[in-house]
Amino acid sequence: MKDKINALSEEIEQFKAENKDELESFRLKYLSKKGEINNLFAEFKNVPKEERKELGKLINDLKNKAQEKFDSMKASLEEAEETQSEYHDLTLPVNQEEIGARHPISIVRNEINDVFARIGFTISEGPEIENDWHNFTALNFPEEHPARDMQDTFFVEQNPDLALRTHTSSVQVRVMENNKPPIRIVAPGRVFRNEAISARAHCIFHQIEGLYVDKNVSFVDLKQTLYYFAREFFGEQTKIRFRPSYFPFTEPSAEMDVSCNICGGKGCNVCKYTGWLEIMGCGMVDPNVLDNCGIDSSEYSGFAFGMGIERIAMLKYQINDLRLYFENDVRFLKQFKSAL
Ligand code: DAH
C-alpha cells in the first residue's frame, strides 16, 4: 500500500492541467467519491492495526496534497482566463477616428467668399492690430467724432495709436492705398469691440467687407451686386430692400435687409414679425475716403458693404445664442456639414 501511495503522490505532483477539462479529470481521478484516494480509505479497513497509524497519516497527507494541487491549478487557470479576456478581439474592425467638422463661422465665411468669387471678387486681408489712420481717420471718422464711440475697442496702452480693429473696413483703406482701380475685393476677418458678452453681443466677432472701385460705379451696381449675393446665399426667391443709414465712410449709406427666409416674409419670431432681416451696411464710398487713399475721386467711384458673419450664420442655421460659437462644444460644432 505504501508503494501505491508513493506512486499516486508522484503522479499528483507531475500532473498538469492545461484546461478546465483536464482539471475536472484530475478531480474525478483523485478527489471524487470513486477516486483513487477514497479507494485507499476503503482499503485502509483491511490494514493491520500496527500499520494503521503510519498509513493513515500518509493517506491523509496525500489527500491534502491532491486538494492543494487542485486548488492551485484551478487558480492559475482562472487567472490565465482573466488576462486573456483583457486582449481585444483582433478580428473586430478598427476604431474609426472621428473626423472634425468645420466651424459654422468658417463654413459661412467660405460660402460668402465663394459667392463673390464667382463674380470676380478676390480676397484681401489686413492686420487685426490696426492704427488709428486705417481703422478711423482715413475712413472719415474725425478725431472726437461721436461715431467713434459706437466702436469702442481695446487700445494698446504703450502706443495709443494702435487698437484692435473694430471693423474690416480698415482693409478697404489698405487695399486702396496699395492698388489702382479697378478694385474688386472681399475682406473676411476677425474684429473687436468693447462689448459685454451676451447672447447677442461679443467682444470678438467676424465680418466680411466688400469694396468695388472703378470708373462710373453707381448705386445701381451696388444694388445688383448685393441682390445677386442675397439670391445666391439665401435662395432664388429672396427679396431685398434698402433703408437709409449713416456711416462716415459712405455717402449715401444704407442698411440692406433680405426677406425672411424662414417665414418667407409673412412674419415670424426670427424676423420679429417684420418679414425682413437686416444683414449688412453698405453705401457709395465717400469721395473723401477715395482721396485719403490716393484714388482720384473725380475720376473714380465705388461702393462698399460690410456684414457680420455670426449674424448671417445665426440666420442660416437658426442659432439663437452667439456664445455657442466660442464655447467649442463638439456637440454643437459637429452639426454643421459643408462642401466648402
Ligand atoms: N464697418 C461697418 C460696421 O462695422 C459696416 C459697414 C457699413 C461696412 C457700410 C461698409 C459699409 O463697407 O459700406 O458697422
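The numbers here are math on the coordinates, done by the rules we state, and not lab data. Remember, it's a predicted structure, so these values are computed and weren't measured experimentally. All Cβ positions, even for glycine, are placed from backbone atoms using ideal geometry, and neighbour counts span all protein chains on display.
For the stretch 2-86, what relative contact order do you get, as a whole percent, if you take Cα pairs closer than 8 Å and at least 6 residues apart? Write down the numbers at each step before the final one.
Numbers: 45 pairs, mean separation 32.9, N = 85.
Relative contact order of the stretch 2-86: 39 percent.
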Sorting Leu92, Asn135, Leu55 by the position of each Cα along the dipole of the chain (Lys, Arg +1; Asp, Glu -1; all at Cβ), the one nearest the positive end of that ordering is Leu55
Taking the chain and a Cβ-Cβ threshold of 4.7 Å, the cysteines left without a partner are Cys203, Cys282, Cys293
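What pairs from Lys223/Lys316; Lys266/Lys316; Lys2/Lys34; Lys4/Lys57; Lys29/Lys49; Lys2/Lys63 go past 26 Å between their alpha carbons? Kindly include the intermediate steps, with their values, before the conclusion.
Working: Lys223/Lys316 22 Å; Lys266/Lys316 17 Å; Lys2/Lys34 20 Å; Lys4/Lys57 14 Å; Lys29/Lys49 28 Å; Lys2/Lys63 14 Å.
Going by Cα-Cα distance, Lys29/Lys49 fall outside the 26 Å limit.
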Once normalised by the length of the stretch 198-340, the mean sequence separation of its alpha carbon contacts under 8 Å that are 6 or more apart gives a contact order in percent of 30 percent
At 25 °C and 0.890 mPa s, the Stokes-Einstein diffusion coefficient in µm²/s for the chain, with hydrodynamic radius from the Kirkwood sum on alpha carbon pairs, is 92 µm²/s
Once normalised by the length of the chain, the mean sequence separation of its alpha carbon contacts under 8 Å that are 6 or more apart gives a contact order in percent of 16 percent
Glu255 neighbourhood, Cβ < 13 Å, K/R = +1, D/E = -1, net charge +1
The answer for the net charge of residues other than Asn292 whose Cβ lies under 11 angstrom from its Cβ, with Lys and Arg +1 and Asp and Glu -1, is -3
If one builds a Gaussian network model of the chain from Cα atoms under 10 Å apart, the most fluctuating residue listed among Asn135, Asn269, Asn292 is Asn269
Any aspartates and glutamates whose Cα falls less than 19 Å from that of Lys69, other than same-chain ones fewer than 8 residues away, would be Glu10, Glu11, Glu13, Glu18, Asp21, Glu22, Glu24, Glu36, Asp61, Glu78, Glu79, Glu81
Lys and Arg at +1, Asp and Glu at -1: neighbours of Arg174 with Cβ under 13 Å from its Cβ sum to -4
The distance between the Cα centres of the stretch 27-58 and the stretch 170-194, in whole Å, is 103 Å
